[in-house]
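Novice: Let me give you the structure first, and then I'll get to my questions.
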Amino acid sequence: ETGVTQSPTHLIKTRGQQVTLRCSSQSGHNTVSWYQQALGQGPQFIFQYYREEENGRGNFPPRFSGLQFPNYSSELNVNALELDDSALYLCASSVSGTGLGQYFGPGTRLTVT
Amino acid sequence: KQEVTQIPAALSVPEGENLVLNCSFTDSAIYNLQWFRQDPGKGLTSLLLIQSSQREQTSGRLNASLDKSSGRSTLYIAASQPGDSATYLCAVDLITGGGNKLTFGTGTQLKVEL
């Protein structure tokens, strides 16, 4: 069974640029959720994708957007990067409707300068 | 709005001690509660998941309890080891959120010393 994978591991961007982060869900999982974790804080829910559509969003602006593909993998896109976007971005996969919990990838560390 | 609080924020204990980490939440309408471990700069490892209808779960030296009515969960770690040093996070999955949208506490940073 393959776990959740994310790419890239680290990246550095300049303020105003755009970035795309990628996530492959665990085998058999159909739902992907994205979280932002600032240093010293707990993760904050960004949004969730199920059946290739956004299925709930946290308190994040529209410049945070995403996609889910037919194989359940997902992308997180952030436009017009700001310094405060520097964080660890975590992807989690799960099976909708089972209540069996979420399983997280290793994260992507984004630094905005 | 659901709020999740973890106490203490940091804890340092000698090897071999039994310890308890606390988590409280304000909205009791939850699907489940999960405890995670996070090593510095790494992702989250799921330790235990307690369904809304359950009172506790055990895995090895770990035991987690859930009292939904009082909005509390505890993670008990028996015979702590230096390898247990990490940040421990609890998270609740709200029914009003539709499922699989976790609200996290800020974590307890644990250090187990030789």
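The values are calculated or read from the model by the stated rules, or taken from the named source; none is laboratory data. Note that the structure is a prediction, hence the values are computed from the model and not measured. With ideal geometry, Cβ positions are generated from the backbone for all residues, glycine too; neighbour counts draw on all protein chains shown.
Novice: Please determine, by comparing only the residues of region A:25-34 that are in contact (Cβ under 8 Å) with a residue 60 or more places away in the chain and not in a loop (DSSP other than H, G, I, E, B), which one is farthest from residue B:88 (Cα to Cα).
Specialist: A:31
Novice: Against the condition buried (at least 20 other Cβ atoms within 10 Å of the Cβ) and in contact with a His (Cβ under 7 Å, 6 or more places away or on another chain), how does residue A:74 come out, does it pass?
Specialist: Against the criterion (buried (at least 20 other Cβ atoms within 10 Å of the Cβ) and in contact with a His (Cβ under 7 Å, 6 or more places away or on another chain)), residue A:74 does not qualify.
Novice: Could you please let me know if residue A:17 is in a strand (DSSP E or B) and either more than 10 Å from chain B (Cβ to nearest Cβ) or of a type in the set (Lys, Arg) (or both)?
Specialist: Against the criterion (in a strand (DSSP E or B) and either more than 10 Å from chain B (Cβ to nearest Cβ) or of a type in the set (Lys, Arg) (or both)), residue A:17 does not qualify.
Novice: For residue A:76, only one of the following conditions fails: (1) modelled with pLDDT under 95; (2) under 12 Å from residue A:32 (Cα atoms). What is its number?
Specialist: (1)
Novice: From the list B:53, B:69, B:80, which residue is of a type in the set (S, T, N, Q) and without any contact (Cβ under 8 Å) to a residue 12 or more places away in the chain?
Specialist: Of the residues listed, the single one that is of a type in the set (S, T, N, Q) and without any contact (Cβ under 8 Å) to a residue 12 or more places away in the chain is B:53.
Novice: Can you tell me which residue is farthest from the other protein chains (Cβ to nearest Cβ) among those in region B:42-64 that are surrounded by fewer than 18 Cβ atoms within 10 Å (Cβ to Cβ) and either basic (Lys, Arg) or more than 21 Å from residue B:81 (Cβ to Cβ) (or both)?
Specialist: Only one residue tops the list, namely B:61.
Novice: Considering region B:49-100 alone, what residues qualify as being of a type in the set (D, E, K, R), over 30 Å from residue A:54 (Cα atoms) and in a strand (DSSP E or B)?
Specialist: Across region B:49-100, the qualifying residues are B:56, B:67, B:72.
Conditions tested, residue by residue: (1) β-branched (Val, Ile, Thr); (2) touching a Gly at 6+ places or on another chain (Cβ under 9 Å); (3) within 14 Å of another protein chain (Cβ to nearest Cβ).
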residue: A:63; (1), (2), (3): no, no, no
residue: A:75; (1), (2), (3): no, yes, no
residue: A:96; (1), (2), (3): no, yes, yes
residue: A:105; (1), (2), (3): no, yes, yes
residue: A:111; (1), (2), (3): yes, no, yes
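Novice: Further question on the same structure: Taking region B:101-111 on its own, how many of its residues are over 10 Å from the mean Cα position of the chain (by Cα) and not in a loop (DSSP other than H, G, I, E, B)?
Specialist: Qualifying residue count, region B:101-111: 5.
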